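Rule-based calculations on the coordinates, nothing more; no lab input. These figures come from a predicted structure and were not determined experimentally. Cβ sites come from the backbone with ideal geometry, for glycine too, and all protein chains shown count toward neighbours.
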Amino acid sequence: MTFREVLTRRDGALYLEDVPVAELVRRFDTPLYAYSRQGLIERAERMRRAFGREPHLVAYSIKANMNLAVVRTFLDRGCGVDVTSRGELERALHAGADPEKIVFSGVGKRADEIDLALEVGIRMFNVESLEELAALDARAQELRKVAPISFRLNPDVDPKTHPGIATGLHTAKFGIPIEEAPSAYSRAKSLPNVRVIGVDCHIGSQLTSLDPLREALVRINETVLSLREQGHTIDVIDIGGGLGVEYSGQDDPPTPEAYAKMALEVLGSLGVTLVCEPGRLLTAGGGIFVMRALYRKANAGRRFLIVDGGMNDLLRPSLYQVEMRIETDPLRSGDPAPVDIVGPVCESTDCFAKDRLLPPVEPGDLVVVRDAGAYGFAMASTYNGRPLVAEAMVDGSRAELVRRRQTLEETWQAERMPVWES
């Protein structure tokens, strides 16, 4: 097991750290996201310690979980932030991030996003195309700034993950082909308002083996040596993120220590600062999603458990067919039986699990999804007119609301009736 479990069972009841899940529900209702502060801290500190005294920056991939309390927890542990939009950049700054520890990734940076990043003085832009490079140069010239950049190089390595989160193949929209690096870096060197400082590579998410990443970093190592021979300064290598987590309980993803050891073995002789961008690894296992059982039914021999959480609240099981561990509270006696756990959203894909063996469940019981701290609330929507759920954080025996539940009225307050000209 990579990390200790933050959700445990005591005398049949589920606890997040030292707080009964039933108590969280009594205070904050369902559906509910709840995060373990100590679980988040453990993950951040292990990732930072894994690199030892070697120059490095752990840049938390904020898209995984943007709650300010979560972000601040990582910032307090010395992490930087990887952002992909102005909204994420502003959120990171509002949480107290040091701009010099912010990396701006993403294929579609707008002019206003570039301008803000230049004005606050971020660590670097991960550039994904030559047209983006030209835009950076133009905006930097306009603002009388110099943009620090690395190119995101696409090594054409299959990360052996879900196709929807594979980013390192030539068929993906991300980065530039690694064989085009010499011409790209030469072009950057000729521009007066950009400064090349590094190389970036991210091949995908939910990696359960280090072999694809090692293959990619070997290619990056060769490329850096070649670029240096051509006179380019490469002081930083961003190796991306993507380490997998134990969603099903049967997975055996690499540990932070194994990840860092491999990266240092391949790249350590280059004398660079290593940047990594963990998101899921830091947050998934530190959070849970709590629902309440509503009804039971059977159709044509299939048994269904209908809960009050939906795919609009937690999308990943529907979108990526993730098999997440699910617990019930209280733990009732009786033989487990297969059941489909489904939500109230009017889509057949609104399903958290099929044929999942569960002990007997009564209406009103709690149904808890483990490892829901990553890409849970961050991907939530108000589909079917369902308000965004609440978020809480637990620290030992204390629990606080870190986002209140959205009201129904707030789901339409930004809308306006048109006033047509007569």
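Annotations
- From phi via Karplus (6.51, -1.76, 1.60), per-residue ³J(HN,Hα) for the range 226-231 in Hz, x at Gly/Pro: 5, 5, 5, 4, 8, x
- Close amide H contacts of residue 199 (hydrogens built in the peptide plane, cut-off under 5 Å, sequence separation of 5 or more or a different chain): 236, 237, 238.
- Within the chain, longest stretch clear of exposed GluC sites (Glu not before Pro) (DSSP loop, no more than 12 other Cβ within 10 Å): 1-414
- Among the listed pairs 109/145; 63/354; 101/189; 101/145; 145/189, those whose Cα-Cα separation exceeds 22 Å are 63/354; 101/189.
- The range 14-92 shape via C-alpha gyration tensor axes, a/c threshold 1.5: oblate
- Normalised per residue, the volume of the convex hull around the Cα set of the range 1-59 (Å³): 110 Å³
- Antiparallel bridges, percent of DSSP beta bridges restricted to the chain (to nearest 5): 50 percent
- Ordering 94, 202 from the fewest to the most neighbouring beta carbons within 10 Å gives 94, 202.
- Fraction of beta bridges assigned by DSSP in the range 105-278 that are antiparallel (%, nearest 5): 5 percent
- Packing-based order for 365-378, 182-195, 280-293, using average beta carbon neighbours within 10 Å, highest first: 280-293, 365-378, 182-195
- Build a GNM of the chain with springs between Cα atoms under 10 Å apart, and of 358, 408, 89 the one that fluctuates most is 408.
- Each residue of the range 373-385 is assigned a 3J(HN,Hα), and the resulting list reads x, 10, 6, x, 4, 4, 9, 6, 9, 9, 3, 6, x Hz, derived from the Karplus form 6.51 cos²θ - 1.76 cosθ + 1.60 (θ = phi - 60°), x at Gly and Pro.
- Potential extension, residue 13-residue 417 segment - 0.36 nm per residue separation minus Cα distance: 140.6 nm
- Note: relative contact order over the range 105-278, using C-alpha pairs below 8 Å and six or more positions apart, is 20 percent.
- Pairwise FRET efficiency - residue 398 versus residue 130, Cβ, R0 = 56 Å, nearest 0.05: 0.65
- Computed [θ] at 222 nm, deg cm²/dmol, the chain (DSSP H ≥ 4; -39,500 (n - 2.57); rounded to nearest 500): -8000 deg cm²/dmol
- If R0 is taken as 25 Å, the Cβ-Cβ distance between residue 228 and residue 187 corresponds to a FRET efficiency of 0.90.
- Estimated distance in nm for a label pair at residue 410 and residue 146, the labels positioned 7 Å out from Cα along Cα-to-Cβ: 4.5 nm
- With Rh defined as the Kirkwood radius, the inverse of the mean 1/r over Cα pairs, the Rg/Rh of the chain is 1.01.
- When the convex hull of its Cα atoms is projected in every direction, mean area for the range 105-278 (nm²): 10.0 nm²
- You can think of it this way: the chain between residue 112 and residue 265 has 51.1 nm of extra reach, that is 0.36 nm per residue less the Cα-Cα gap.
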